[in-house]
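Q: Before anything else, here's the structure in question.
The values are calculated or read from the model by the stated rules, or taken from the named source; none is laboratory data. Every value quoted in this text rests on a predicted model; they were computed, and no experiment measured them. We work out accessible area using only protein heavy atoms, side chains counted, and drop any ligands, DNA or RNA first. Shrake-Rupley method; radii C 1.70, N 1.55, O 1.52, S 1.80 Å.
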Amino acid sequence: QVQLVESGGGLVQPGGSLRLSCAASGSIFSITAMGWYRQAPGKQRELVALVASGGSANYADSVRGRFTISRDNAKNTVYLQMNSLKPEDTAVYYCYVIQRKPYWGQGTQVTVSS
């Protein structure tokens with residue numbers, strides 16, 4: 001089993017920045033993809049960004065150019081740097097890891113409001 005611990009959420013004003021972190025632990029032997037999804041109230045969970053083991057990344061159109069995903073394979077940790085935050089970025093952000101099957105974090109709240 002893989003356990004995921006997220007950190008870094010909070011309240012930020014529009015235009016501000018936040019950095020999310022997600023550390024994987026447990027029985028880790030070959031994590032392929034790591035990434036982030038988010039779910040806003042009343043909406044479906046959506047992909048935000050995903051990074052493969054080799055470093056190639058994919059982003060949702062809504063965050064491309066504002067968010068940057070990165071991973072530290074030695075620490076089994078994935079990061080999401082979020083800049084120029086907008087109120088529509090408000091959501092619960094979930095860490096997502098694939099190691100033969102998907103694993104989800106517990107979620108961290110990000111609120112963008114003045």
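Q: Using only the alpha carbons of the chain, what is the convex hull's orientation-averaged projected area in square nanometres? Spell out each step's value before the answer.
A: Working: hull surface 26.4 nm².
Dividing the Cα hull surface by four gives the mean projection, 6.6 nm².
Q: Averaged per residue, what accessible area in Å² does the stretch 38-88 show with a 1.4 Å probe, protein chains only? Please report the intermediate quantities before stating the final value.
A: On the way: 2950 Å² over 51 residues.
With the other protein chains kept in place, the stretch 38-88 gives 58 Å² per residue.
Q: Right, something else. Below 24 Å, Cα to Cα, which lysines can Lys75 reach? Residues fewer than 8 away in the same chain don't count.
A: Answer for Lys75, where 24 Å is the Cα cut-off: Lys101, listed by chain and number.
Q: I would also like to ask the following. So, with a 1.4 angstrom probe, what is the percent of accessible area on the stretch 5-70 that is carbon and sulfur?
A: On the way: 1730 of 3510 Å².
Carbon and sulfur together cover 49 percent of it.
Q: Roughly what % antiparallel, to the nearest 5, for the DSSP beta bridges in the chain? It would help to have the intermediate numbers written out before the result.
A: Values: 39 of 43 bridges.
If we restrict to bridges inside the chain, about 90 percent are antiparallel.
Q: Normalized C-alpha radius of gyration of the stretch 1-67, against 2.2 N^0.38 Å?
A: 1.26
Q: Provide the gained length on full extension for the span Ser7 to Arg100, in nm with one decimal, where the gain is 0.36 nm per separating residue minus the Cα-Cα distance. If you can, show how the numbers build up before the last one.
A: Working: separation 93, 0.36 × 93 = 33.48 nm, distance 2.43 nm.
Residue separation times 0.36 nm, minus the Cα-Cα distance, leaves 31.1 nm.
Q: Can I get the semi-axes of the stretch 69-114's equivalent ellipsoid? Compute them from the C-alpha gyration tensor as square roots of 5 times the eigenvalues, in angstrom, largest first. Write out the running numbers ahead of the final one.
A: On the way: eigenvalues 117, 37, 11 Å².
Semi-axes (√(5λ), whole Å): 24, 14, 7.
Q: Right, next: Which of the lysines could be linked to Lys43 by a straight reach, that is with a Cα gap under 20 Å, when you skip same-chain ones fewer than 8 residues away?
A: Counting by Cα, and skipping residues close in sequence, Lys43 has these lysines nearby: Lys86.
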